[in-house]
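Notes follow the structure.
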Amino acid sequence: MTSFLASLIASVLGAVLLIATPAGASERRQGGKLLLTDGVSTVDGSAGGGLATWAVISGAETKDGIGGSVHASYVALPDFDLTSFGGAIGFSNRVELSYAHQAFDTRAAGAALGLGRGFTFGQHIVGAKLRLVGDAVFDQDRLLPQIAIGVQYKIATKGAVIRAVGGRAQRGMDFYAAATKLVLSKSVLIGATVRFTKANQFGLLGFGGDREDRYRPQFEGSIGRLLTRNLVIGAEYRTKPNNLGFAREQNAWDGFAAWSFNRHATLTAAYTDLGDIATVRGQRGALVSLQGRF
């Protein structure tokens, strides 16, 4: 499955490069964006905060370039661990393609849940985002935010367990529309995203359930303040569906700080609350993410 996804992504990227790089385009360049204005990498792989997707396009490129990012993220919770790694590439500050792999380790809680100690759920996420209108940086004299639409195709790895807990599907798609506004005079960033999804625990427990099996709009909100040109603090909130009868799913939030200690590298740290997970209460802990940017 992993090799198939890698081949698929390589083929798509190759096709987009051919389209985005016409004959005589040797003058295309990399770089040009202000630090942190392209966000960091979400655990889903797209550009945004740690939890919430933003309308910005990954990478340091402007309309004249091709850029992107790679990331590795770790969320330490009292009873579980979540890791995410992947990358994204942005074309002309217009199109973003992304991939992320998530692994959710149940540690000792896996035995209590009847799955076995250290049982690990996994998920592949392939995403695409298109900026429709606006520019978060250059449209400072307009109220119009940067607006983008996107889709994420998610493939969970534990189909038998997903069906056993009431999940209806091992694969699913999320659709979203995002708006992001940066007010440089106030050093403030505000973002809002509406996501249509059937994902259980971001997709790790499949899609749809015995309680609900239809798309419902979910909200993702972000606010950040640039303390310096290379340091931003902020908070995020993300609602989630409640599809499975065996365990109530709760919304997630975090408070974060992102430090771009190098033009090409950003370290993000956050306190995050994912609520109750699979009947295990109080999953609050720390998120750490390292992102490389070009």
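A count restricted to the range 278-294 and to residues that are surrounded by 15 or more Cβ atoms within 10 Å (Cβ to Cβ), among the aliphatic types (A, V, I, L, M) and either within 14 Å of residue 43 (Cβ to Cβ) or at pLDDT 95 or above (or both) stands at 2.
Taking the range 174-209 as the range and being among the aliphatic types (A, V, I, L, M), out of contact with any Pro (no Cβ under 6 Å at 6 or more places or on another chain) and either surrounded by 17 or more Cβ atoms within 10 Å (Cβ to Cβ) or under 11 Å from residue 54 (Cα atoms) (or both) as the test, the residues that pass are 177, 178, 182, 189, 190, 192, 199, 204, 205. Tally time: how many residues in the range 227-253 are more than 21 Å from the chain's Cα centre (by Cα) and in a strand (DSSP E or B)? Count: 2. Does residue 115 satisfy the criteria of being in contact with a helix residue (DSSP H, G or I) (Cβ under 9 Å, 6 or more places away or on another chain), free of Cβ contacts under 8 Å to residues at least 60 places away in the same chain, of a type in the set (A, V, I, L, M) and in a loop (DSSP other than H, G, I, E, B)? Yes: the conditions hold for residue 115. Considering only residues that are assigned to a loop (DSSP other than H, G, I, E, B) and not aromatic (Phe, Trp, Tyr), look in the range 74-104 and name the one that is nearest to residue 246 (Cα to Cα). Once the filter is applied, the top-ranked residue is 79. What do you reckon, is residue 238 without any contact (Cβ under 8 Å) to a residue 40 or more places away in the chain and either charged (D, E, K, R) or crowded, with 20+ Cβ neighbours inside 10 Å (or both)? No.
Filtering the range 59-79 to residues that are in contact (Cβ under 8 Å) with a residue 60 or more places away in the chain and either in contact with a Gly (Cβ under 7 Å, 6 or more places away or on another chain) or of a type in the set (S, T, N, Q) (or both) leaves 59, 60, 67, 68, 69, 70, 71, 73, 75, 76, 77, 78. One residue stands out in the range 139-161 among those that are polar (S, T, N, Q) and more than 17 Å from residue 178 (Cα to Cα): the one that is surrounded by the fewest Cβ atoms within 10 Å (Cβ to Cβ), namely 140.
Scanning the range 261-277 for residues that are in contact with a strand residue (DSSP E or B) (Cβ under 8 Å, 6 or more places away or on another chain), surrounded by fewer than 21 Cβ atoms within 10 Å (Cβ to Cβ) and not in a loop (DSSP other than H, G, I, E, B) turns up 261, 265, 267, 269, 271, 273.
Every listed requirement among (1) in a strand (DSSP E or B); (2) closer than 26 Å to residue 290 by Cα is met by residue 107 save one, (1).
Put simply, of 103, 156, 164 the only residue that is free of Cβ contacts under 8 Å to residues at least 60 places away in the same chain and closer than 21 Å to residue 69 by Cα is 103. Condition check: at pLDDT 95 or above and crowded, with 23+ Cβ neighbours inside 10 Å. Does residue 258 satisfy that? Yes.
The values are calculated or read from the model by the stated rules, or taken from the named source; none is laboratory data. These numbers come from a predicted model, not from an experiment. Ideal geometry is used to build each Cβ from the backbone, glycine not excepted, and the neighbour counts take in all protein chains shown.
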